[in-house]
Amino acid sequence: MPKYRVLTPKGASFTVAGGGYDYEKEALDPIGAEIIEAPANEAEFIAAAKTADAIYAKGMPITKAVIDALENCKVITLGSVGVDSVDVKAATARGIPVTNIPDTFIEEVADHAMMLLLAGFRRLVEQDKMVRTGRWSEGRPALLKIPRLMGQTLGFISFGRVARAVAKRAAPFGLRMMAYDPFIQETLMYDHGVMPATLTEVLSQSDFVSMHAPARPEVHHMLTEKHFRQMKKSAVFINTGRGATVDEESLIKALQEGWIAHAALDVLEKEPPSHNNPMLSMENVTLTAHVASASARFDEARKRRVGYELSLVLQGMWPVSCVNPSVLQNTALRRWQPVSMDRGPNS
Ligand SMILES: O=C(O)CC[C@@H](O)C(=O)O
């Protein structure tokens, strides 16, 4: 009988795929905790959740109904930056800390955003299709219509850690950069060679608009028809954040009616998309399957980090990355002091 039960939706275990090293066991075995899988449907998950000591949320929404059924849960742990799959408000109301991993795969997502930018701009998918379908001679005329990349403008909506990592990659390509983010200090933008701007300036002046707004209810459908109408007809829209920040119907209309040139998207409003999503057959759309974070290193790092957060809380300590830290004050969990990495001015 395990001392602690960590409940996770079936099929979402965070052991390394393909029988690799078992990072979950490494973190959880010494404290007597065990991962238990429950069917990933709300009713069956709720039945199993009553006695769970912790939830590892993945692959299914952890709704208010699930959270209200928890009788013994000390933490809900996410293996992502985005916390949109958990009703954080409900967890906060119940005094349950929710943890995420905000810093583990910034480089991967930034690589992917840059790849989408280049692929969308140089029409990679269309070019590939032309070669494969015997239309070799059509490739060059298609690209003769687009400008040179150097000197084009990249505009960021939201300038968090991933956007800043994209800016580092974009600078050597000779892109001018601007960003809209009312929550980030302008000096941080200047440090990255990025001009602070209003949303209208970003939309109307950018050749590439890269969306990085986090998945929060306040930014649901932040971009609608009126925003796509403000963009350049030649603009490429890139989204590696969350599909829900964009009104997808408006985006589809913008692409179909030529208000913008191309969309390169890792995220969609509904994932996977339904077979009748028009974007699946549109030539001016480049799609990947919400995989921007993926790499072998990330897979390992995510599992280690999830195991670490779980083991901290189950052993009675504050987690490292808590998205609702106000609840920590009212728990019996002990605050711990991380060791300072700052070894002084000459280190
Ligand atoms: O689970 C993933 O790999 C994607 C997670 C990513 O979208 C996030 O919000 O952190």
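The values are calculated or read from the model by the stated rules, or taken from the named source; none is laboratory data. Everything numeric in this text was worked out from a predicted model, so none of it was measured. Cβ: placed from backbone, ideal geometry, glycine included. Neighbour counts: every protein chain shown. Surface areas here come from the heavy atoms of the whole protein model, side chains and all, with no ligands, DNA or RNA. Shrake-Rupley method; radii C 1.70, N 1.55, O 1.52, S 1.80 Å.
Of the residues making up the range 83-120, those that are small (G, A, S) and without any contact (Cβ under 8 Å) to a residue 60 or more places away in the chain number 4. Each residue in the range 9-31 was checked for being farther than 16 Å from Y308 by Cβ and at pLDDT 75 or above, and 2 of them qualify.
Here R140 does not qualify as at pLDDT below 95, farther than 19 Å from A264 by Cβ and open to solvent by 70 Å² or more (accessible area, probe 1.4 Å).
Of the set (1) touching a strand residue (DSSP E or B) at 6+ places or on another chain (Cβ under 9 Å); (2) within 13 Å of the ligand (Cβ to nearest atom); (3) outside any loop (DSSP other than H, G, I, E, B), all apply to I101 but (3).
Considering only residues that are part of a strand (DSSP E or B) and farther than 16 Å from A264 by Cβ, look in the range 274-325 and name the one that is nearest to the chain's Cα centre (by Cα). So the residue we want is C322.
Taking the criterion of being surrounded by 22 or more Cβ atoms within 10 Å (Cβ to Cβ), within 13 Å of the ligand (Cβ to nearest atom) and among the hydrophobic types (A, V, I, L, M, F, W, C), the only residue of the range 293-310 that qualifies is V306.
Examine the range 259-279 for a residue that is open to solvent by 10 Å² or more (accessible area, probe 1.4 Å), among the aromatic types (F, W, Y) and either at negative phi or within 16 Å of the ligand (Cβ to nearest atom) (or both), and state whether such a residue exists. Looking through the range 259-279, at least one residue is open to solvent by 10 Å² or more (accessible area, probe 1.4 Å), among the aromatic types (F, W, Y) and either at negative phi or within 16 Å of the ligand (Cβ to nearest atom) (or both). Restricting attention to the range 68-86 and to residues that are charged (D, E, K, R) and more than 16 Å from the ligand (Cβ to nearest atom), the residue that is nearest to S326 (Cα to Cα) turns out to be K74. Taking the criterion of being surrounded by fewer than 21 Cβ atoms within 10 Å (Cβ to Cβ), over 16 Å from R5 (Cβ atoms) and either modelled with pLDDT of 95 or more or not aliphatic (A, V, I, L, M) (or both), the residues of the range 59-86 that qualify are G59, P61, T63, K64, A65, D68, S80, G82, D84, S85.
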